[in-house]
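Chemist: Mind having a look at this structure? Questions to follow.
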C-alpha cells in the first residue's frame, strides 16, 4: 500500500509518500505559483504486489516562472524506506541517471518529467507484510549543473541540503516512497482488495458554464456579476476513482470508500481553499478562484487519493473582460 506526505502535512493515516523541498514560508501563497516549484509526484502503478516485475513510471510536475529556463534533472533509486530528514545516508543504490539540460515549455505552463524505472528483480514479499520498499530521489537544477549521481552518496547529506548539489543555479528535490505489500484477505466475508489505481479527473468546469475540454480555457466576464469576485470551479472524478478497500488497525477491519481530492495551484489569484474533497460521484469537488484582474493564467488541478495515488490536469486560462 502506498502512502502520501506533502510538505510535512499528513493526509490520511500512517503515511509514507512524497515530499518536495521549499514547502516553507518563503512562498507568498501555498496555491499561488510564482517561483520554481514542484507541484506533484505520481507513480504508475501506484500500488505494487509481490511478483510484479515490470517498470514503474514516476512523474514530477513542476513550474519555473521563466519559460526558457533550462532545468537539469537527476535521480537515484534507493532500496528501502529512505527516512524523511535522513538525506541519502541510508540509500542503498539500485539505479541512477542524470538527464541533459531541458528547456521549459514555451508558454511556461505544463512541464513535467517522466521516467520509467525497471526494478532489478521481481518484487518479493512475505507473510509479515514487509514486501519491497524503494525510494526515488529526484533533484532538479535550474540554471546550474548537477554532479554525477554517484557522487551524491559520497557524503552524508540531510534532505534540506540536497538542493545544494545544484551548482551555480537554483535546486529543488522531491522524494517518492513506494511499497509492494502482501495482499491479505480482510473484511467479512474476507476479500482481497484490488490494487490501488491513480485517481482521474473526468471533467473540469468553470463558472459561468465554461467546460474545460482542451488545454486552453477562455472565460469572458461581461459584467461583474458573471465572474463574481470569484470564478467557481467544479472538478468531477471518474467512477473508478471511488475505489473500495479495507483498513486494519488494532485488529479492527473497516471497509472504506476512497474520497479523492484536488489540490489547486495557479500563477495568479487566490483559491478559497487549498484542496477540495469529493465524497462520492454525486458530490464533485468545488472551489472558488478569485482573480484580481483579467489576464492569462496557468492552473493546475492535482488529484490525489489517500493511498498515494495522484494525477493532474493543467490549463492555460484566459480571462477576458
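The values are calculated or read from the model by the stated rules, or taken from the named source; none is laboratory data. Since we're looking at a predicted model, the values are computed, not measured. No Cβ is skipped: glycine too gets one built from the backbone with ideal geometry, and neighbour counts run over all protein chains shown.
Per-residue answers, yes or no, for (1) more than 17 Å from residue 194 (Cα to Cα); (2) buried (at least 22 other Cβ atoms within 10 Å of the Cβ):
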site: 238; (1), (2): no, no
site: 250; (1), (2): yes, no
site: 256; (1), (2): no, no
site: 289; (1), (2): yes, yes
site: 293; (1), (2): yes, no
site: 300; (1), (2): yes, yes
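Chemist: Residues that are crowded, with 18+ Cβ neighbours inside 10 Å and at pLDDT 75 or above: list the strands (runs of 3 or more DSSP E) wholly contained in region 91-204 that include at least 1 such residues.
Modeler: Details: elements: 92-98, 112-118, 132-142, 170-180.
Hits in region 91-204: 132-142, 170-180.
Chemist: Scan region 281-291 residue by residue and report those that are in contact (Cβ under 8 Å) with a residue 24 or more places away in the chain and part of a strand (DSSP E or B).
Modeler: In the first step, residues of region 281-291 are kept if they are in contact (Cβ under 8 Å) with a residue 24 or more places away in the chain; the result is 281, 284-291.
Passing the criteria: 285, 286, 287, 288, 289, 290.
Chemist: Continuing with this model, one more query. Among the candidates 12, 22, 54, 17, which residue alone is loosely packed, with under 15 Cβ neighbours inside 10 Å and at pLDDT below 85? Can you show your working first?
Modeler: Numbers: 12 fails: loosely packed, with under 15 Cβ neighbours inside 10 Å; 22 fails: loosely packed, with under 15 Cβ neighbours inside 10 Å; 17 fails: loosely packed, with under 15 Cβ neighbours inside 10 Å.
Among 12, 22, 54, 17, only 54 is loosely packed, with under 15 Cβ neighbours inside 10 Å and at pLDDT below 85.
Chemist: Another question, if that's okay. Only one of these conditions is not met by residue 273: (1) within 30 Å of residue 189 (Cα to Cα); (2) in contact with a strand residue (DSSP E or B) (Cβ under 7 Å, 6 or more places away or on another chain); (3) assigned to a loop (DSSP other than H, G, I, E, B). Which number is it?
Modeler: In the conditions (1) within 30 Å of residue 189 (Cα to Cα); (2) in contact with a strand residue (DSSP E or B) (Cβ under 7 Å, 6 or more places away or on another chain); (3) assigned to a loop (DSSP other than H, G, I, E, B), residue 273 misses (1) alone.
Chemist: How about region 247-270: which of its residues are under 20 Å from residue 311 (Cα atoms) and assigned to a strand (DSSP E or B)?
Modeler: Initial filter on region 247-270 (under 20 Å from residue 311 (Cα atoms)): 257-267.
Selection gives 257, 261, 262, 263, 264, 265, 266.
Chemist: Determine if region 292-299 includes at least one residue that is in contact (Cβ under 8 Å) with a residue 40 or more places away in the chain, outside any strand (DSSP E or B) and more than 17 Å from residue 29 (Cβ to Cβ).
Modeler: yes
Chemist: Would you please name the residue that is farthest from the chain's Cα centre (by Cα), looking only at residues in region 39-51 that are surrounded by fewer than 21 Cβ atoms within 10 Å (Cβ to Cβ) and outside any loop (DSSP other than H, G, I, E, B)? Please lay out each step first, then the result.
Modeler: Within region 39-51, the first condition is being surrounded by fewer than 21 Cβ atoms within 10 Å (Cβ to Cβ), and the residues that meet it are 39, 44-45, 49-51.
Still in the running and outside any loop (DSSP other than H, G, I, E, B): 39, 44.
Details: 39: 6, 44: 12 Å.
Taking the candidates together, the pick is 44.
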